[in-house]
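Asker: For reference, the structure I am asking about is given below.
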Amino acid sequence: MLHWEEPVSFVKGATAPVRKAWESLGIRTIGDLLLTLPRRYDDFSRITKISDAQNGDFVTLEGTVIKCIKLNTFRKRFAVFRLMFDDGSGKLAANFFNQPWVLEEFKPGRKIFLSGKIAIKAPYGKTLISPIWEPAEARTLAAGKVAPVYGLAGTLIQKTYRRLMQYVLENVEWPEDAVSEVDRSKLKLLNQEEAIRAVHEPNSSDHAEEGRRRLAFDEVLGYQLALGAERMKATKAGAPAITFDQVFAKKFVESLPYPLTGDQKKAVWASLQDMERGEPMARALASAVPMRRLIQGDVGSGKTVVAAFLAAHVHRHGFSAALLAPTDILARQHAATFQRLFASHNIPFALVTRTEKRLYQGREEEVLKNEQVESLAEQGNVVLIGTHALLEQGRLPKDLALAVVDEQHRFGVGQRESMILETRSDGHVPHLLSMTATPIPRTLALTLYGDLDISLIIEKPAGRLPIKTFVCQGQGREKAYQAIRDAVARKEKAYIVCPLIDPSDALGVSSVTEEWKSLSKGPLEGLKLGLLHGRLKPKEKEETMDAFKNGDVDVLIATSVIEVGVDVPQATVIAIEGAERFGLAQLHQLRGRVGRSNLPSTCFLLTDTEGSGLERLMTMERVQDGFRLAEEDLKLRGSGQLLGTQQSGHEALTIARITDGDIISNAREEARRILDTDPDLSKHPLWKRAVEGMRDSAHLE
Ligand code: ADP
Ligand code: MG
């Protein structure tokens with residue numbers, strides 16, 4: 001018997017490479033494995049004929065092997081195998097890479113299924129690249145029914161994954177269901193075992209969806225319970241009151257290099273009022289009201305200055321403030337912004353990342369040791385900016401009165417909670433300001449983020465021009481390269497973004513390196529190209545970013561690591577390779593890297609896709625507004641992951657979707673009901689465990 005919490009090494013047949021692949025997909029326990037849903041399903045019951053298959057179609061074919069040969073390539077450790085395949089209606093070629101065993105498997109005459117995307121390649125005509133395959137004689141695993149298609153990594157292949165999954169489903173001991181039978185029938189939900197079986201071994205797509213919905217309910221409920229419990233604790237504890245200092249506020253506004261937009265002013269004003277309401281109420285009513293506000297503002301709308309304003313105000317009042325950012329690059333960038341904004345106010349602040357600790361006092365900068373950070377925290381009345389390195393024991397000041405979390409969806413519930421609930425020694429909690437550019441509709445945001453108050457920053461800073469957007473195919477790329485060369489000639493900067501091609505290359509090293517090679521010898525010869533990907537050391541990333549910002553790198557070739565928050569105002573052109581691989585929301589984030597000054601900017605979406613994929617990309621040409629784009633995306637896809645996209649990694653919610661409105665509101669009601677009668681979840685041990693699990697699994701980039 002396998003138990004939920006046991007490591008995946010207990011799965012018979014899970015070899016070291018398989019475990020390593022799972023590890024990189026975030027799967028460590030049997031429970032993780034069961035709750036990691038397939039990325040999609042292939043309907044093997046719908047077989048296409050080769051003669052009917054069109055370029056770009058995803059198809060499943062049933063036919064016979066003609067032959068399979070190894071091709072000669074000149075690259076070391078890179079082998080290509082070509083299968084020729086016939087289904088009676090026509091012939092087709094399929095390429096497999098670095099899988100020498102296909103020579104053994106694909107004996108002439110063998111009947112197999114192939115599933116993949118049709119491309120037209122001269123001289124072979126219709127071709128499948130790295131398709132999934134199944135022997136037709138063994139209809140056991142997937143063939144003839146709806147087959148799960150899992151996310152892969154390393155050397156793990158689909159067939160192995162499915163086989164191991166089947167073993168787990170046969171041998172797992174099902175834990176007790178956390179949703180009672182009464183509630184299940186009321187809410188029309190499958191029980192947990194049925195749901196998990198349904199997502200991994202569905203009878204039909206509808207069946208799989210029914211399973212997913214139950215698991216989404218659990219996920220949202222767990223999330224709501226975690227948030228709700230945090231909120232209740234914080235409210236009970238109360239926060240220090242920060243009285244509004246009009247003289248200082250006026251001085252700060254006057255010192256800014258630009259006038260605040262109307263929406264920025266509203267966000268600042270609402271937050272200042274929230275923070276003032278803290279303690280007086282606590283004294284009067286014995287229940288304080290800490291601020292819990294979410295600032296939702298499209299990319300480039302100027303959220304950072306709002307955070308800086310509030311932090312300065314809190315410092316002025318004699319307390320500390322901290323700003324938590326998801327990556328080193330962003331934390332450093334915020335520090336640079338704060339340095340400019342604080343210059344005339346003599347507010348000491350420190351940058352704390354894993355690799356760097358610096359104190360900024362006016363114009364001076366000092367490199368800090370760990371002990372010095374701790375002594376800063378000890379003294380208090382300081383502003384700290386950092387990554388999760390800030391959350392290490394003893395680094396947050398005991399007089400923390402304001403916690404700002406930038407790109408809040410990138411942090412887990414647990415991280416936020418420890419920042420809020422465990423920092424102050426007097427039992428109070430700091431005020432919380434979250435900031436996000438994720439454009440989710442307001443009603444959904446309310447449901448999802450519970451009782452956070454929301455400030456919207458819609459208005460862009462004055463003088464911003466729309467970002468001209470073009471979808472380019474084939475030779476059209478030249479237009480993008482020309483625009484980049486022109487921009488560099490005007491002393492502006494450009495980005496080229498490459499998608500992650502192979503999930504085992506999660507850091508995107510190979511895709512950007514290849515792109516860099518071909519561009520530096522080809523269309524961008526003579527320009528200074530910088531390279532940014534996940535394998536670089538933090539120091540190297542910094543140097544590259546600095547060279548791009550201030551130095552002599554003209555064009556930054558990067559993976560989507562630049563997606564969040566990077567702010568280089570003189571960058572005016574962005575070209576996104578393989579644009580069809582990104583969601584619209586993510587493309588919008590990427591596009592937001594340009595158009596950050598009054599210079600005209602351009603975004604090129606480079607793609608070879610056709611049909612509906614192309615249409616989807618064209619919406620980017622028409623629509624500039626992030627919220628509208630999110631809605632368009634929804635209409636086109638009918639669903640979508642709730643928070644962010646797959647590529648941006650481990651989000652708090654991975655199963656629930658933006659279209660699960662009914663599930664989300666049911667789960668929220670249920671969470672309320674549970675917390676009303678059982679705030680510490682002592683009567684709901686299963687949920688308590690789930691909530692703890694949710695905290696622990698909180699993941700940081
Ligand atoms: P985001 O909301 O995406 O985090 P940032 O805070 O990085 O946006 O701001 C984007 C850019 O706009 C920065 O270069 C910032 O200096 C500039 N900016 C912010 N507010 C204003 C304003 N009111 N007027 C002009 N420029 C502004
Ligand atoms: Mg930002």
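The values are calculated or read from the model by the stated rules, or taken from the named source; none is laboratory data. Predicted model, so just to flag it, every value in this text is computed and none were measured. No Cβ is skipped: glycine too gets one built from the backbone with ideal geometry, and neighbour counts run over all protein chains shown. Keep in mind that these areas ignore ligands, DNA and RNA; they rest on the heavy atoms of the full protein, side chains included. Shrake-Rupley method; radii C 1.70, N 1.55, O 1.52, S 1.80 Å.
Asker: Give the residue list of chymotrypsin sites (Phe, Trp or Tyr not before Pro) in segment 90-137 that are DSSP loop and have at most 11 other beta-carbon atoms within 10 angstrom.
Answerer: W101
Asker: Compute the distance from the alpha-carbon center of segment 669-687 to that of segment 376-415, in whole Å.
Answerer: 29
Asker: Follow-up question, since we're still on this one. Nearest 0.05, what FRET efficiency do H345 and E365 give at R0 = 22 Å with Cβ-Cβ as r?
Answerer: For R0 = 22 Å, the calculated efficiency reads 0.85.
Asker: So which DSSP H runs in the chain come out at 30 Å plus along the axis (Cα) with average Kyte-Doolittle of at least -1.0?
Answerer: 205-237
Asker: Here is a further query. Going by accessible area, probe 1.4 Å, with all protein chains left in place, what is the ranking of K126, K528, largest first?
Answerer: Putting K126, K528 in descending order of accessible area: K528, K126.
Asker: Using 0.36 nm per residue, how much length does the chain from K517 to K265 gain when fully extended, once their Cα-Cα distance is taken away?
Answerer: Between K517 and K265, full extension yields an extra 86.1 nm.
Asker: If you count the DSSP beta bridges with both ends in the chain, what percent of them are antiparallel, to the nearest 5?
Answerer: Once the DSSP bridges in the chain are tallied, antiparallel ones form about 45 percent.
Asker: Here is the link list: K369/K549; K49/K517; K265/K479. Which ones come out longer than 30 Å on Cα distance?
Answerer: K49/K517; K265/K479
Asker: Could you name the lysines whose alpha carbon sits less than 20 Å from that of K107, not counting residues in the same chain fewer than 8 places away?
Answerer: Correct list for K107: K67, K70, K91, K159.
Asker: Give me the one-decimal nm value for the distance between modelled label points at I66 and D486, 7 Å along each residue's Cα-to-Cβ direction.
Answerer: Placing both labels 7 Å along Cα→Cβ, they lie 4.7 nm apart.
Asker: Here is a follow-up. If L433, L152 are ordered by their accessible area, calculated over protein heavy atoms with a 1.4 Å probe, which sequence runs from highest to lowest?
Answerer: I get L152, L433, largest accessible area first.
Asker: Along the charge dipole of the chain, which of L556, A483, A308 sits closest to the positive end, that is, farthest toward it, with unit charges on the beta carbon of Lys, Arg, Asp and Glu (+1, +1, -1, -1)?
Answerer: A483
Asker: Suppose all protein chains stay in the model; what accessible area per residue would a 1.4 Å probe give for the chain, in Å²?
Answerer: I get 44 Å² per residue for this part.
Asker: Work out how much length I120 to L256 would gain on full extension: take 0.36 nm times their residue separation and subtract the Cα-Cα distance, in nm to one decimal.
Answerer: 43.3 nm
Asker: How large is the charge dipole for segment 114-208, taken about the Cα centre, if only the Cβ atoms of Lys, Arg (+1) and Asp, Glu (-1) carry charge, to the nearest 20 debye?
Answerer: 780
Asker: Okay, next question. Along the Cα-to-Cβ line of T155, 7 Å from the Cα, sits a label point; which residues in segment 55-83 have backbone N less than 19 Å from it?
Answerer: 76-81
Asker: If you put +1 on each Lys and Arg Cβ and -1 on each Asp and Glu Cβ, how big is the dipole of the chain around its Cα centre, in Debye rounded to 20?
Answerer: 1580
Asker: Now for a separate question. What aspartates and glutamates could a cross-link reach from K250, if we take a straight Cα to Cα line under 19 Å and drop same-chain neighbours fewer than 8 places away?
Answerer: D263, D274, E276
Asker: Let me ask something additional. Using mean Cβ contacts within 10 Å as the protection proxy, how do 674-685, 15-26 order, highest first?
Answerer: Those peptides, ordered most packed to least, come out 15-26, 674-685.
Asker: Ok, one more. Specify the inter-centroid distance of segment 589-606 and segment 1-67, based on alpha-carbon positions, in whole Å.
Answerer: After rounding, the separation between the Cα centres reads 38 Å.
Asker: With a 1.4 Å probe and every protein chain left in place, tell me how much accessible area E366 has, in Å² to the nearest 10.
Answerer: 80
Asker: Could I ask something else about it? Taking the Cα centre as origin and putting +1 on Lys and Arg beta-carbons and -1 on Asp and Glu beta-carbons, what dipole magnitude results for segment 14-119, to the nearest 20 debye?
Answerer: That gives segment 14-119 a dipole magnitude of about 520 debye.
Asker: Express in nm, to one decimal, how much length is gained between R689 and E276 on full extension, taking 0.36 nm for each residue of separation and deducting their alpha carbon distance.
Answerer: Result: 145.0 nm gained on full extension.
Asker: Something else: Which lysines does K683 reach when only Cα atoms under 27 Å apart count, and residues fewer than 8 places away in its own chain are ignored?
Answerer: Hits, sequence-local ones excluded: K186, K188, K233, K236.
Asker: Would you work out what percent of the accessible area of segment 220-280, with all protein chains in place, is carbon or sulfur (probe 1.4 Å)?
Answerer: 58
Asker: For a test of the definition: using alpha carbon positions, the gyration tensor, and the 1.5 limit on a/c, classify the chain as rounded, prolate or oblate.
Answerer: It comes out oblate by the Cα gyration axes.
Asker: Right, next: With runs of 4+ DSSP H residues as the only contributors, calculate the mean residue ellipticity of the chain at 222 nm using -39,500 (n - 2.57) per run, divided by the residue total and rounded to the nearest 500.
Answerer: -11500 deg cm²/dmol
Asker: Calculate, for D676 and D546, the FRET efficiency according to 1/(1 + (r/R0)^6) with r their C-beta to C-beta distance and R0 56 Å; round to the nearest 0.05.
Answerer: Once rounded, the FRET efficiency stands at 0.60.
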